[in-house]
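A.B. asks: Below is the structure I would like to discuss, written out as structure tokens.
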Amino acid sequence: MVSVQSCYPIFPSEPTPNTKFYSLCEQIKLRTHASLLFVYKPDHHHKASTFVNTLKHSLKQALVLYYPLAGRLSWIEGERWELHCNAKGAQIIEANCKEVNLDDLGDFVPTHLVSQLIPNIDYNVPIEEVPLLVAQLTRFPCGGVTIGVALCRAPIDGTAAMGFMSTWAKLARGEHLEYRREMPCHDRTMLNSYKFNSGLHDHSEFHTPPLWLGALGNTEVAAAIVKLTEEQVKKLKNRARYVGNTNTKPYSTFEVIVGYLWRSVSKARYVGNCDQPTRLSTLVNCRNRLRPPLPSAYAGNVAFPTVTPTSSFGELMHRPLSYAAGNVRKALERVNAEFVGSALYHIEKEKDINLLRYSCHYPAPSVHKGTSKGNPNLFVVSWMNFSFKEADFGWGKPIYFGPGYMDSEGKAFVMNNASGNGLVVAISLEASHMDAFKKYFYGDIEEVIPICKL
């Protein structure tokens, strides 16, 4: 339903450094691309037919500052890679969707048609030929547009990606950059220098996750969008604070909502298997957790994985919400400067780097693209700090921002809604579990639980 009209190679508008970067943290990332979808309502002051020229010109400028994104990965010894800043360029695709309008896409659930709004990356070519950044502008009959971005996961994390998108958008609006404040830092040796050998961490985040103990099927994966109002978020936070919480510090919004997600997913997967082990994985931006901290404008990947203690379906289902939220807090609190330094040492010494990549990014060994054979775990990524207004390319701020496709079972993204007064969760699960998940996710919020005074 989406037809590609043109594909343009985009090179930096000025000469850029021809250098190579090697980062230990980036070795555990996938070579595949993350999908970012930005949706813009019709604007009669702009023409979609000329908007692509604005995007092309401003991207050329942005790649002068973010020149690694115009480079390529290349293999080195031990199935590791380095980033060659060779200015081979990014790409912009121009596409049309003539049969449906933006309103027909509902909540922009990242499946089917919505996934066609994201550039399709060909991984059957040598890694040195795969662009790290591809953007697709899709026009709709109503006059609205979408910008779908595919960014390689290895060289850039979510924080750096949003810094890049903000820079690109600002240039598209014709504004000047504050170079001292907005100049990205590309020095990978800064992060590598924190490496040290510490025996205090077993780095369970690199261990094989719990396996599904029941019968293995081969079912389809479905994606969904669920929403929480500001009032519902407050209700869940109060519940986690007052019921079963022996800590004086209230749980954060992220700790509570992720714990609640984990609990709801476990209930949906439950088939009488109370003893089924499960764990939750997430990523932590470690710029400010290091001593001394990395610059906030560090433009590489410094999102380290962490995992909760292994729990069971029964514990999550029958204990208070504070139990799940507390386990999420434990996963976050373990990530400090010593943890990061130890993780970097562990990565450097690991002989099978693909094993680390797989354990970090796939919730279970039986999870495959588009299907699941049984998965008791959950991997949650926070996009709660990403601002909608910073993705204004002169067309106005997007009415929706989220992942463009999700085909890995047991993964979720937590995001603010466009108005900033609630949360949106994009989640992928076995199709047979999705209805039960929605029932528990919405129904349990209204559950009446006696409040225990501290």
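A.B. asks: Treating the beta-carbon of each Lys and Arg as +1 and of each Asp and Glu as -1, no other charges, what is the dipole magnitude of the chain about its Cα centre, to the nearest 20 debye?
C.D. replies: 920 debye
A.B. asks: Please report the relative contact order for region 61-138, taking Cα pairs under 8 Å with a sequence separation of at least 6, and give it as a percent rounded to a whole number.
C.D. replies: Once divided by the residue count of region 61-138, the mean separation gives 38 percent.
A.B. asks: Another question about this same structure. Against the longest principal axis of the chain, how steep is helix 431-443, in degrees 0 to 90 to the nearest 10, with axes from Cα atoms?
C.D. replies: Once rounded, the angle reads 70 degrees.
A.B. asks: Obtain the nm distance between the two label points defined at TYR179 and SER419 by a simple spin-label model: each point lies 7 Å from its Cα along the Cα-to-C-beta direction.
C.D. replies: Placing both labels 7 Å beyond Cα along the Cβ direction yields 4.3 nm.
A.B. asks: Starting at the first residue of region 29-36, write each ³J(HN,Hα) from the Karplus equation 6.51 cos²θ - 1.76 cosθ + 1.60 with θ = phi - 60°, in whole Hz, x for Gly and Pro.
C.D. replies: Rounded to whole hertz, the list is 8, 8, 7, 6, 10, 7, 10, 10.
A.B. asks: What accessible area per residue, rounded to a whole number of Å², is obtained for the chain using a probe radius of 1.4 Å?
C.D. replies: Solvent-accessible surface per residue comes out at 43 Å².
A.B. asks: Based on C-alpha coordinates, I'd like the Rg and Dmax of the chain, in Å.
C.D. replies: Cα-based Rg and Dmax for the chain come out at 21.9, 65 Å.
A.B. asks: Can I ask one more? What FRET efficiency comes out for ASN238 versus LYS439 if R0 is 25 angstrom and r is the Cβ-Cβ distance? Round to the nearest 0.05.
C.D. replies: Calculated transfer efficiency: 0.65.
A.B. asks: What FRET efficiency do you get for LEU200 and TYR358 if R0 is 30 Å and r is their Cβ-Cβ distance, rounded to the nearest 0.05?
C.D. replies: It comes out at approximately 0.75.
A.B. asks: If the only charges are +1 at each Lys and Arg Cβ and -1 at each Asp and Glu Cβ, what is the size of the charge dipole of region 381-454 around the Cα centre, to the nearest 20 debye?
C.D. replies: 260 debye
A.B. asks: Sorted by packing (mean other beta-carbon atoms within 10 Å per residue), highest first, where do 391-399, 73-81 land?
C.D. replies: Packing order, densest peptide first, comes out as 391-399, 73-81.
A.B. asks: Which value, in debye to the nearest 20, describes the size of the charge dipole of region 1-140 about its Cα centre when Lys and Arg Cβ atoms bear +1, Asp and Glu Cβ atoms bear -1, and nothing else is charged?
C.D. replies: So the magnitude is around 320 debye.
A.B. asks: Report the extension gain between LYS330 and VAL64 in nm, rounded to one decimal, defined as 0.36 nm multiplied by the number of residues separating them, less their alpha carbon distance.
C.D. replies: In short, 91.7 nm is gained.
A.B. asks: Calculated FRET efficiency, VAL271 and HIS207, Cβ-Cβ r, R0 25 Å, to nearest 0.05?
C.D. replies: Using R0 = 25 Å, I get an efficiency of 0.50.
A.B. asks: What distance in nm lies between label points placed 7 Å from Cα along the C-beta direction at LYS351 and ALA337?
C.D. replies: A separation of 3.4 nm, rounded to one decimal place.
A.B. asks: Now for a different question. Where both residues lie in the chain, what percent of DSSP beta bridges are antiparallel, nearest 5?
C.D. replies: Taking every DSSP beta bridge with both residues in the chain, the antiparallel ones total about 80 percent.
A.B. asks: Quick one: 3J(HN,Hα) in Hz for region 384-394, Karplus 6.51/-1.76/1.60 with θ = phi - 60°, rounded, Gly and Pro as x.
C.D. replies: 3J(HN,Hα) across region 384-394, in whole Hz: 5, 8, 8, 8, 5, 5, 6, 9, 8, 8, x.
A.B. asks: Report, by chain and number, residues whose modeled amide H sits under 5 Å from the one on ASN86, excluding near sequence neighbours (fewer than 5 apart, same chain).
C.D. replies: Under 5 Å from the amide H of ASN86: GLY71, ARG72.
A.B. asks: Accessible area of LYS373, 1.4 Å probe, to the nearest 10 Å²?
C.D. replies: 80 Å²
A.B. asks: Classify region 149-218 as rounded, prolate or oblate from the Cα gyration tensor: take a ≥ b ≥ c as the square roots of its eigenvalues, call it rounded if a/c is under 1.5, otherwise prolate when a/b beats b/c and oblate if not.
C.D. replies: Taking the square roots of the gyration eigenvalues as a ≥ b ≥ c, region 149-218 is oblate.
A.B. asks: Can you put CYS97, CYS185 in order of accessible area, largest first, using a 1.4 Å probe?
C.D. replies: Largest accessible area first, the list is CYS185, CYS97.
A.B. asks: Here's a follow-up. Which ³J(HN,Hα) values, rounded to whole Hz and listed in residue order, are derived for region 89-103 from phi using the Karplus coefficients 6.51, -1.76 and 1.60 in 6.51 cos²θ - 1.76 cosθ + 1.60 with θ = phi - 60°, glycine and proline given as x?
C.D. replies: Ordered by residue, 3J(HN,Hα) equals x, 9, 9, 10, 10, 10, 9, 10, 10, 8, 9, 9, 10, 4, 4 Hz.
A.B. asks: For region 256-382, what is the per residue volume of the convex hull drawn over the alpha-carbon atoms, in cubic angstrom?
C.D. replies: 128 Å³
A.B. asks: Something else now. Using 7 Å Cα-to-Cβ label points, what is the SER252/GLN5 separation (nm, one decimal)?
C.D. replies: Result: 4.3 nm between the two label points.
A.B. asks: Could you give the Stokes-Einstein D for region 56-99 in µm² per second, using the C-alpha Kirkwood radius, 20 °C, 1.002 mPa s?
C.D. replies: 173 µm²/s
A.B. asks: Taking the 0 to 90 degree range and rounding to the nearest ten, how far is the long axis of helix 48-65 tilted relative to the main principal axis of the chain, both from C-alpha atoms?
C.D. replies: For 48-65 against the chain, the angle is about 80 degrees.
A.B. asks: Sticking with this one: Could you please state how large a percent of the accessible area of the chain is carbon and sulfur, counting protein chains only and using a 1.4 Å probe?
C.D. replies: Percent of accessible area from carbon and sulfur atoms in the chain: 51.
A.B. asks: Among ASN273, THR219, VAL233, whose Cα projects farthest towards the positive end of the dipole of region 195-311, with charges put on the beta-carbon of Lys, Arg (+1) and Asp, Glu (-1)?
C.D. replies: VAL233
The values are calculated or read from the model by the stated rules, or taken from the named source; none is laboratory data. Remember, it's a predicted structure, so these values are computed and weren't measured experimentally. All Cβ positions, glycine included, derive from the backbone under ideal geometry; neighbour counts span all protein chains shown. When the accessible area is computed, the model is the full protein with side chains, heavy atoms only, and any ligands, DNA or RNA have been set aside. Shrake-Rupley method; radii C 1.70, N 1.55, O 1.52, S 1.80 Å.
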